[in-house]
Amino acid sequence: MSVRAAVLVSGGGTNLQALIDAQAAGAIPSGEIALVVSNRAGAYALERAKRAGIPGITVLKGECGSQAAFEERLEALLAEYRIDVIVLAGFLTILSAEFTARHPGRILNIHPSLIPSFCGEGFYGLRVHEAALARGVKVTGATVHFVNEIPDGGEIIAQKAVDILPGDTPEILQRRVMEQAEWILLPRALETVCASIQEGTV
Ligand code: GRF
């Protein structure tokens, strides 16, 4: 039986699209994208889910009233859709230590740098690439890691390096990191984790 994955999103969902495309190409044989949850109304990722025939649900923290109530709603959805593994793909809310402790080795995140560089609280979106350019590093990349109570601090699953080129802007670099690293790495990492869950080795 394939491992059921929920993808949590907040925005455009290009990483979600990479997962959907990989699934369609047969590259995630051990897993199945069974649910997409957005914490932003109208996120384009929801449109991608719809087109792929995957249930897409919006859960707004503001409407839930508190982080605890928001996470309770998430837990209810995970149970309803019999989710085994959670993928954070551009999900711009930090999950509480209580939530992550309930799902050890079952939550993956994609971060657009080579952790431990340019990561942790406040490093998200373009800010990560701005910081890499400001520091003058010549190589950056992306990391898929398990999520624990430390932002971007969980065990690393996979990394891929990407060159920084003269004239790069944060936007140009962001795009290159997505194309050359994120969209390749995330589907592969999900398959690896799903296969391990199936084999019972994690
Ligand atoms: C990606 O850069 C990802 O690494 C980061 O947020 C961005 C999400 O982009 N966590 P998208 O919504 O998948 O297009």
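The values are calculated or read from the model by the stated rules, or taken from the named source; none is laboratory data. Computed from a predicted structure; not experimentally measured. Don't worry about glycine lacking a Cβ; one is built from the backbone with ideal geometry, like all the others, and counts go over all protein chains shown. Accessible surface areas use protein heavy atoms only, side chains included; no ligands, DNA or RNA. Shrake-Rupley method; radii C 1.70, N 1.55, O 1.52, S 1.80 Å.
Just name the residue that is nearest to the ligand (Cβ to nearest atom) out of those in the stretch 1-47 that are at pLDDT 95 or above and hydroxyl-bearing (Ser, Thr, Tyr).
Top of the filtered list is THR14.
Taking the conditions exactly as written (more than 15 Å from the ligand (Cβ to nearest atom), modelled with pLDDT of 95 or more, surrounded by fewer than 14 Cβ atoms within 10 Å (Cβ to Cβ) and charged (D, E, K, R)), does GLU155 satisfy them or not?
For GLU155, the condition - more than 15 Å from the ligand (Cβ to nearest atom), modelled with pLDDT of 95 or more, surrounded by fewer than 14 Cβ atoms within 10 Å (Cβ to Cβ) and charged (D, E, K, R) - is met.
Name the residues in the stretch 104-124 that are among the hydroxyl-bearing types (Ser, Thr, Tyr) and either buried (at least 20 other Cβ atoms within 10 Å of the Cβ) or under 18 Å from ASP163 (Cα atoms) (or both), would you?
SER113, SER117
How do the pairs read when you match residues in the stretch 86-112 that are within 15 Å of THR14 (Cβ to Cβ) and within 14 Å of the ligand (Cβ to nearest atom) with residues anywhere that are of a type in the set (Gly, Ala, Ser) and open to solvent by 20 Å² or more (accessible area, probe 1.4 Å), using Cβ under 8 Å and keeping only pairs 6 or more apart or on different chains?
Here the result reads GLY90/GLY11; GLY90/GLY12; LEU92/GLY11; LEU92/GLY125; ILE110/GLY90, each pair linking the stretch 86-112 to a residue that is of a type in the set (Gly, Ala, Ser) and open to solvent by 20 Å² or more (accessible area, probe 1.4 Å).
For the list (1) open to solvent by less than 60 Å² (accessible area, probe 1.4 Å); (2) touching a residue at least 24 places away in the same chain (Cβ under 8 Å); (3) basic (Lys, Arg), I need the number of the one condition that ARG176 fails.
That leaves (2) as the condition not met.
Within the stretch 24-63, how many residues turn out to be of a type outside the set (D, E, K, R), under 16 Å from the mean Cα position of the chain (by Cα), closer than 19 Å to ARG188 by Cα and surrounded by fewer than 21 Cβ atoms within 10 Å (Cβ to Cβ)?
So the answer is 1.
Does the stretch 132-150 contain at least one residue that is surrounded by fewer than 21 Cβ atoms within 10 Å (Cβ to Cβ), under 21 Å from LEU108 (Cβ atoms), within 13 Å of the ligand (Cβ to nearest atom) and not basic (Lys, Arg)?
no
For the stretch 82-173, which fully contained strands (runs of 3 or more DSSP E) count at least 1 residues that are more than 18 Å from ARG188 (Cβ to Cβ) and in contact with a Leu (Cβ under 8 Å, 6 or more places away or on another chain)?
139-146
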